[in-house]
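Here is the structure we will look at.
Rule-based calculations on the coordinates, nothing more; no lab input. Predicted model, so just to flag it, every value in this text is computed and none were measured. Here the Cβ positions follow ideal geometry from the backbone for every residue, glycine too, while neighbour counts run over all protein chains shown.
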Number of protein chains: 2
Amino acid sequence: MSKMYRNPSAGSLNTNESFISENKKSDIVLPNQSDNIAHIAVDIGGSLAKVVWFSKQSQGGRLSFSKFETAKIDQCIGFLQGLLTERGDTPVRIKATGGGSHKYYDLFREKLGVAVQKEDEMECLIYGLNFLVRQIAYEVFTYDERRPEPMQYENNSQELFPYMLVNIGSGVSIIKVTSDETYERISGTSLGGGTLWGLLGLLTDAKDYDEMLAMSKLGDNKNVDMLVGDIYGGDYSKIGLKSTTIASSFGKVIKVPPAERKSKFAQEDISASLLYLVSNNIGQIAYLNAQAHGIQRIYFSGFFISGHPITMNTLSYAIAFWSKGKIKAQFLRHEGYLGAVGAFLRDPPTYARLNSFTENFSSIEKNIITAVGSLEEYPTELKQFPLLLDPKSYNPDTTVLTERHLHSYWIDLLDANLKSLVDIATEKNEDALARAEMFEKMYRHHLSELKTNPNAYGTLSVRSLLNLREQCLREMGFNDIFSKIKQKENSQALFGFSLLTSSLDKLSGEALVDELISNILAGNMYDWGAADIQEMIKKGELDFKVAQSKIGYDPKFYNISKFRERLLTEPPYKKCMIFVDNSGADLIFGILPFVRYLVSRGTEVVIAANEQPSVNDITVGELGDILEQISKIDLIIEKAYKSELLTFVSTGNASPCIDLDRVSEEVVSACTDVDLVIIEGMGRAIHTNYYAKLSVDTVKVAVFKNPQVAAELGAKMYDALFKYEEAPPY
Amino acid sequence: MSKMYRNPSAGSLNTNESFISENKKSDIVLPNQSDNIAHIAVDIGGSLAKVVWFSKQSQGGRLSFSKFETAKIDQCIGFLQGLLTERGDTPVRIKATGGGSHKYYDLFREKLGVAVQKEDEMECLIYGLNFLVRQIAYEVFTYDERRPEPMQYENNSQELFPYMLVNIGSGVSIIKVTSDETYERISGTSLGGGTLWGLLGLLTDAKDYDEMLAMSKLGDNKNVDMLVGDIYGGDYSKIGLKSTTIASSFGKVIKVPPAERKSKFAQEDISASLLYLVSNNIGQIAYLNAQAHGIQRIYFSGFFISGHPITMNTLSYAIAFWSKGKIKAQFLRHEGYLGAVGAFLRDPPTYARLNSFTENFSSIEKNIITAVGSLEEYPTELKQFPLLLDPKSYNPDTTVLTERHLHSYWIDLLDANLKSLVDIATEKNEDALARAEMFEKMYRHHLSELKTNPNAYGTLSVRSLLNLREQCLREMGFNDIFSKIKQKENSQALFGFSLLTSSLDKLSGEALVDELISNILAGNMYDWGAADIQEMIKKGELDFKVAQSKIGYDPKFYNISKFRERLLTEPPYKKCMIFVDNSGADLIFGILPFVRYLVSRGTEVVIAANEQPSVNDITVGELGDILEQISKIDLIIEKAYKSELLTFVSTGNASPCIDLDRVSEEVVSACTDVDLVIIEGMGRAIHTNYYAKLSVDTVKVAVFKNPQVAAELGAKMYDALFKYEEAPPY
C-alpha cells in the first residue's frame, strides 16, 4: 500500500502501515506498491466499512484489505479517492454491499464521481466465504484455550455444504447455505457487535473497540456476574450446572447500593462480563439454529470477533457445551471481509485468475491473534499435484512448530541470519541499503509477532517462515538478492561439468549409480539457505570433495540398494520428474549428471524449478539458460533437450519448500506418464513432503543441514537423506 | 395480613397493605386476618425471596403471598419471625427452595429456630405450575397489544403436557415437562432479570426494578438501537426484515462521541432498549428450544415479567415472530410464585383440600396489569357440574366486559351502589362504621384498578365484580350484611305462604302452571342486588302484585308453552335440581310453591342454595330453617321433606352468580337421576349460564333488572326470562 492512499484510521492495525510510516524515505520506490487499481468493493456495515481493492502488479494481481469506522465514513471516502487518483483515467466501478451501501450510495457516487453498483449483502457474504474457504490456505480454524496451542487450522478439503454462517457485525445474521446457489437467512439477533460496543461505550472510558477488548482481557467477569456457585454454594449437579457457570450476567450489580456501584465494579470486569454475555448468547442461538436445521458446521464471521481470544473461546465453548462436544465453532482469518470479497467476486476483472491466489503476509492487517495478508494472484493457476496418493490427507509440512521451543528456535535462527542476508542484498548500494534496513525491520517485526502468536499467519512451519521472508524481500523490492552469487556459482560449475561427466563415463553399473547419488548429495551441500553452510561458502572452506567428505551415511536415512537394483535390473523408468533445489554445484554437479544418465537410458525427464527466486534456488529462467549452455558442450544433454526428452517446467512457486497442493498447471500437465518423482533438497524433501506419499516411485534426497530438524527426525548434521519409496501396488 | 407481620418492602405492591396501613384503627379486629399459620414455604432466588404461607381460617384455609429483595434478606427473616410468633408453640416447618435456600439455610435455621427443609428448585417450579394452571381460574393468559384488550385468559381445560416452562429469575431456566413426574432442564441463559436489573442499575438512576420498568415505559428504544431502517433506509424485504426491526441493540451509541453520550442517550430510552433486548432474546431462545423439542406450549414465569406490558408484548412478539404465529407465549398471574407454591405443595397440611382453592382478591399483590390474590380453601371440594353438555367449552359468563363502555358501566354502577350497601352494613354500629368505611375504600380502590386494567383479576365480568364485592365485605368482617333484612322478608313471606297455596290449590292444569311460573317471576323481582329494585323496596313501593304487574312478557325471552306441555302431557320428571336466588318472596312465594307442585306429582326435588351469604340470596342454612318452618304448616312439603323427596344442598358458592365449573361435591352427588335443572335469578341465569347447555331439560328463569344486560341481550327492563331447553337426544 503506498503512502498516497493510506488508511488513516487503521494505523494501529496494519503492521506494514505503521512500519512504513516509521521508516519510509520519501524517495524510495517500492515496486509492488505502485498499484494499478482495477476494481474496488466496499462492504458498509452498521459499525465498520470494509474495503477490498484489486491492483494489477508486475506479476499477477493483488487483492488488498482495509477497514474504517462507518461513523467516520469521510475517511473511507478519502481513502477511496486516493485509490481512484492512482487509477488515472481508466473507468472504474465500485461494488458496494452491506446495509450502509444503501445509505451512503449517493454520497459515494457524488464524492467519488464513479458508478457504484449495489450487491445483495447476504449473497456477498456467502460468495466471499465460499471463495476464501476453498482458495485460501489456513483460512479456517478452531479455537480452544484448553489446548496447548489454542488455534488449530482446519483442513479445507472437505465438502463445504451444508454449513451455517453466523455473521456478527453490529447485529447478527444466521444464514443456512446448502449449495453455491442456495441459501436462507434462518435467524439473527440484535445482540451483536454494536451491542457490545454500544454498552461498553456507555459503561467504560475506552475510546475504541480495540481498547474495549484489551480492557476485557484484564477484567474478571465473576466480580459482576452471578455464578451458579454464588447462588447454590457449589454445582447444581442435578441439572448439570457447574458452580462456575454464569447464572445471571450482571447479577451482582443490584446487590451493591447505587452510590457504591461506580467504585465497586471495575470497567475491566464490566467489559469481560459484557463480552461473555454477547459471545455466549450468540453461541447459544447459533447452536440452537444449527440443531433445528441439522447442520454440523458453523462458521463465525464479522469484525465482532476480531480474532479476540476470549470472544472465540466463549463462542467455541458455547457451541461445544450445547452440542455436547459434537460441533466445533469454526473461525475465519478474513472474518470481517467476506462481504467485501464477495462483492468483488460478483464482477471481477476478466484477467484475474480467481483460483490462483496465495496470501502475502508482508503487510498484514493485524487482529489480535490472527493476521490477514493481501491475496496475490499467481501467473498460473495453482493446482494440486496429481500424483499424491491420498490427496485429502496430504499435509506438506513435516514439523508443525506448535511447541514453544521449536518455533522459538526457528524464529531465533532466522532472526540471527537476517544480518548476513541484508549484507548480501545491499552490496553497498545506497538505495538498497535503505530498503534492506526496512526489510530487516519488517521481517523482524513479523518474527516477533509470531513468537507471541505462532499461528497468526496460518500453521507455523519452516516453510511458512521461509515464505514470509521471501515475501518481505520482494515487498521491499528485492526480487533476487542471490542473483550475482547464483550467476558466479553456475558459471564455475559449468566450467567443471565436462570434467565431471568424462570421469563418470568411465564408470558403469552399481559404481556409476553410487557415484551419481553421491554427487547429488555433495551438490546439495551448496545451500545458502543453511546458516552453517553459508559460513563455509563465504570463508571458501567448501569444495566439492570437502562437501562429499562431510556427509554421513546413516542406514536409517540412506539406503540406495533398492533404487540401484530397480535402475539396474528392470526396464528404465518411462518418465521422471525432478523437483530441483540450489543453483551451482547442486544442479550442475549433482542433478544434471543424473538426468544425463536417465535420458541416456531413454527415460523422459522433466525438471521442475521455482517460478520466482528464493535464496540461491535455481529459477526456471536460470535453468533454461543452463540447459542451453550445457547443450553446447554435452551431446547427450543436447540430444535429449532438442528432442524434448529433457524438458523443464515452472513449479509456480517461489520458496525453498514446496506445497504439493499448489503447483503450476505446467507441472500438472507434465505429470502424464511420470513413473518416478525425485524431490531434492532440505526444504522440499525434509521440511516439507518428508512424509508425503505419491502414487508413483519416489526418491527424496537431501542433506540434513539444520541441527534442529536433524535432531527432530533422529539424524545428525550432514547426514544424507536418500529415501526410495516404491509406488503402492494397484 | 395483620400488622404484626407486614412485609416492610412490599408496601407499594400490596394494595391491601397500603390500604390497611392508611386506614387502620388499632382496635379493629378483622376476623379473617387473625391467621393461624400452619405452613410456610420460601423460594429464595438470586434477586427476590418469595414467601407463601398457609393459615387456618374460620372457614377453610388461606394461602398468602409476599416477596422481598434477596439483598434485604433480613426483612424476609423479620417477616417470617412475625409469622412464627403468631403461630405460638405448635411446631412448624419451613420449606425452602430456590438457589438461595442453600446459601441462607443456616441463617434461616439460626434466626428462626425452626427446621428448614430444602426442596429441589426445578421440581418445585413444575409442581407449582401444574397446580396453579389446573386449580386457579384465570391463571394463564396471552398478551398482545395489537388486540383491543391485550390480555386474554386461556382455557385451562386442555391437556397440560407437554409444555415448556421458561422461568425468568435473575437467570433463565428452560424446562421441558412431559408429565407430572417427568421433566428436563433443556436450556437456559444468563441473560435474565438480573441482567436487565444490573445493567439498568449501572446505566440509570432508578432506585428499584419497578422504577426501571416505569422508566422504560417512557422511553423510545429507537433513539439507542440501530433499526433495520437506519441501516438499509427501509425494509430489507428480500430476507424478511422490516425497517422497524432492531438490527443492533445499542447500535447507535457508538456513533456519538463519548463525551456527548451521557446527554444524548436518555435513561428512559436506554431502559426501553435493554428491556427489549433481554425480552426479545429470551423469547428467541425459548422458541428455538420449543422448536428443537417439538413443543407447542410455552409458559413464561418469574418476577422478571412482573406483568409488565412491554416485557410480555415483546416475549409474545418474539414467540409469534419466530414461530410464524404458530405458538403463543403464555403468562401466569402467579408468575413469580411457582417455586414457593411448589415447595408448599411438597408437604401440605393434611387437612388442606388442594383442589378446592378459590382466589380472594380483597387483598392483592399488584403487579402492573395483573393482580395476585390469596388462595382460599373452600369447606368442600369444588368440582365441575356433571350435567354440562360440553364440559370443555363451558364458559359461565354471558358477557365478558372487554369493551370499555361495558366495564365502565358496571364499575360505575357498583361504585354508585356502594354507599347504600355501607348504610345497610353499618346500622349505626360504631365498630361496623369504621370497618364499613374501610370496605368502601377497599372496594372502590379495586374498582378504580379495574377501570385501568379490566382483566387484572381474571376476565372481567359481572360475576367477578360481584364476587370481589363479597370478598371485600367478608375481609372487613361483614359476613352477612343482609342478615336482618333477609330474616324480616322471610318471616313476612312465611306469613303469607298458606294464603298463597290455598289460592293456588283452586287452580289446575295450564292455569296452575301459568300461575306458578308467574309467581316465580314476580318473586324474582325482590332482589336487593338490583339497584332500581333496592330503591323500590326501601321506599315500600313493591308488593307482590305490583311486582307481577311490572313484568313484561316478550315472546323472545318468555315462552312457557313447551314446558307447560311437557309438565302436563308427559310423565312427571324424575328428579329436579333448582338453583335458587333471593330469600323472602322469591324463595317462598315463587320457588317453594312450584317445588310443592313438583313433589305433589312425585318428582324428587333438590334445592341448591349458596354456602355463604351474598346480598339477600338465601343461604343453605337459612333454607333449612325455612323448610323446617313450612313443614309445620304445609302437609305436602312436610311429607316430601320428611321422606327426603325434597332435599337441599349447598352449592359451595358465595355469589349471586354461579360458575358450574366449581360446585360442591354435594351438588355433584345430588345430580344422579336429575332430568330437570332449574336455574333461577339474574345472576345465575342471565349474567352467567345464559348460554350454558346441559345434558338434561333445563329452565332458566329470571327477570331482567339491569338496563345494560337487558339491552345487551335485546330485552327491556323487567322483561321476564323463561327459557326452556330440552335435553338433546342421545
To the nearest 10 degrees, the tilt of helix B:483-504 (Cα long axis) against the first principal axis of the alpha carbons of chain B is 40
DSSP beta bridges in segment A:483-725: the antiparallel percent, rounded to 5, is 25
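Would you mind ranking B:Val546, B:Val341, A:Val256, B:Val649 so that the residue whose beta carbon has the fewest other beta carbons within 10 Å leads the list? Each step should come with its number before you reach the end.
Values: B:Val546 12, B:Val341 26, A:Val256 17, B:Val649 22.
So the residues, fewest neighbours to most, are B:Val546, A:Val256, B:Val649, B:Val341.
Taking 26 Å as the cut-off for C-alpha to C-alpha distance, list the pairs among B:Lys217/B:Lys264; A:Lys419/A:Lys723; B:Lys575/B:Lys693; A:Lys545/A:Lys700; A:Lys95/A:Lys383; B:Lys488/B:Lys545 that go past it.
A:Lys419/A:Lys723; A:Lys95/A:Lys383
Given the peptides A:435-445, B:210-220, arrange them by the average over their residues of other C-beta atoms within 10 Å, most packed first. Don't jump to the answer; show the numbers that get you there.
Numbers: A:435-445: 20.5, B:210-220: 18.3.
Taking the mean over residues of other Cβ atoms within 10 Å, the ranking is A:435-445, B:210-220.
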For A:Pro571, inter-copy label-point distances (7 Å, Cα→Cβ), nm, shortest first, read 11.4
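Write down the percent of antiparallel bridges among all DSSP beta bridges whose residues are both part of the protein assembly as shown, to the nearest 5.
Working: 114 of 188 bridges.
Of all bridge pairs located within the protein assembly as shown, approximately 60 percent are antiparallel.
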In vacuo Debye sum over C-alpha of segment B:363-485, base-10 log of normalised intensity I(q)/I(0) at q = 0.13, 0.16 Å⁻¹, listed in q order, is -0.63, -0.90
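Would you mind computing the Rg to Rh ratio of segment B:483-725 from its alpha-carbon coordinates, Kirkwood style for Rh? Could you put the intermediate results ahead of the total?
Values: Rg = 16.3 Å, Rh = 17.7 Å.
Result for segment B:483-725 is an Rg/Rh of 0.92.
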Taking only the alpha carbons of segment B:122-265, the radius of gyration and the largest Cα-Cα distance, Dmax, both in angstrom, are 20.0, 58
Expected response for nearest chain A Cβ to the A-B rotation axis, distance in whole Å, is A:Leu288, 2
In vacuo Debye sum over C-alpha of segment B:606-673, base-10 log of normalised intensity I(q)/I(0) at q = 0.15 Å⁻¹, listed in q order, is -0.51
Mean other chain Cβ within 10 Å across B:44-51 is 2
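Based on the Cβ-Cβ distance of B:Ser393 and B:Asp423, what FRET efficiency does E = 1/(1 + (r/R0)^6) give at R0 = 45 Å, to the nearest 0.05?
On the way: r = 42 Å, r/R0 = 0.94.
Once the sixth-power term is evaluated, E becomes 0.60.
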Dividing the mean separation of Cα pairs under 8 Å (6+ apart) by the residue count of segment A:483-725 yields a relative contact order in percent of 23
The simple spin-label model distance between B:Glu154 and A:Asp415, using points 7 Å out along Cα→Cβ, in nm, is 6.5
Expressed as a percent, the portion of alpha-carbon pairs in chain A spaced more than 41 Å apart is 37
Taking the protein assembly as shown and counting helices only, DSSP H stretches of n ≥ 4 at -39,500 (n - 2.57) each over all residues, the nearest-500 ellipticity at 222 nm comes to -12500 deg cm²/dmol
Here the gain from full extension of B:Asp514 to B:Asp532, 0.36 nm per residue of separation minus their alpha-carbon distance, amounts to 3.8 nm
For B:Asp673 and B:Glu86, extending 7 Å from Cα along the Cα-Cβ vector and measuring point to point gives, in nm, a value of 4.7
Computed Rg/Rh for segment A:639-730 (Cα atoms; Rh = Kirkwood radius) stands at 1.01
Two pseudo-spin positions, 7 Å from Cα along C-beta at B:Lys324 and at B:Glu638, lie apart in nanometres by 7.8
Per its Cα gyration tensor (rounded if a/c is under 1.5, else prolate when a/b beats b/c, else oblate), segment A:400-452 is best filed as prolate
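Using only the Cα atoms of the protein assembly as shown, construct the convex hull and provide its projected area averaged over every direction, in square nanometres to one decimal. List each step's numbers first, then the result.
On the way: hull surface 269.4 nm².
Reported value for the Cα convex hull: 67.3 nm².
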Shortest first and in nm, the label-point separations between B:Glu181 and its counterparts in the other identical copies (7 Å out along Cα→Cβ) come to 5.5
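Quick one: which of A:289-300, B:364-375 comes out on top by average Cβ neighbours within 10 Å, and what's the full order, highest first? It would help to have the intermediate numbers written out before the result.
On the way: A:289-300: 19.2, B:364-375: 23.6.
Answer by packing, highest mean first, reads B:364-375, A:289-300.
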For A:Lys562, the aspartates and glutamates lying under 13 Å Cα to Cα, once residues fewer than eight places off in the same chain are dropped, come out as A:Glu510, A:Asp514, A:Glu570, A:Asp697, A:Glu725, A:Glu726
Label points for A:Ser549 built 7 Å along Cα→Cβ; distances to same position in the other copies, nm, shortest first, come to 15.0
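Using only C-alpha atoms and all pairs of different ones, pull out the Kirkwood radius for segment B:327-381 in Å with one decimal. It would help to have the intermediate numbers written out before the result.
Values: mean 1/r = 0.0776 Å⁻¹.
Value: 12.9 Å, from the Cα pair sum.
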Most exposed to least, judged by fewest other Cβ atoms within 10 Å, B:Ser55, A:Ser448, A:Ser631, B:Ser249 sort to A:Ser448, A:Ser631, B:Ser55, B:Ser249
Restricting to aspartates and glutamates and to Cα separations under 12 Å from A:Lys252, and discarding same-chain partners fewer than 8 apart, the set is A:Asp225, A:Asp230, A:Asp269
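Counting only DSSP beta bridges with both residues in chain B, what percent are antiparallel, rounded to the nearest 5? Spell out each step's value before the answer.
Details: 57 of 94 bridges.
The answer is about 60 percent antiparallel.
For chain A, what does the relative contact order come out to in percent, with C-alpha contacts under 8 Å and a separation of six or more?
Relative CO of chain A lands at 12 percent.
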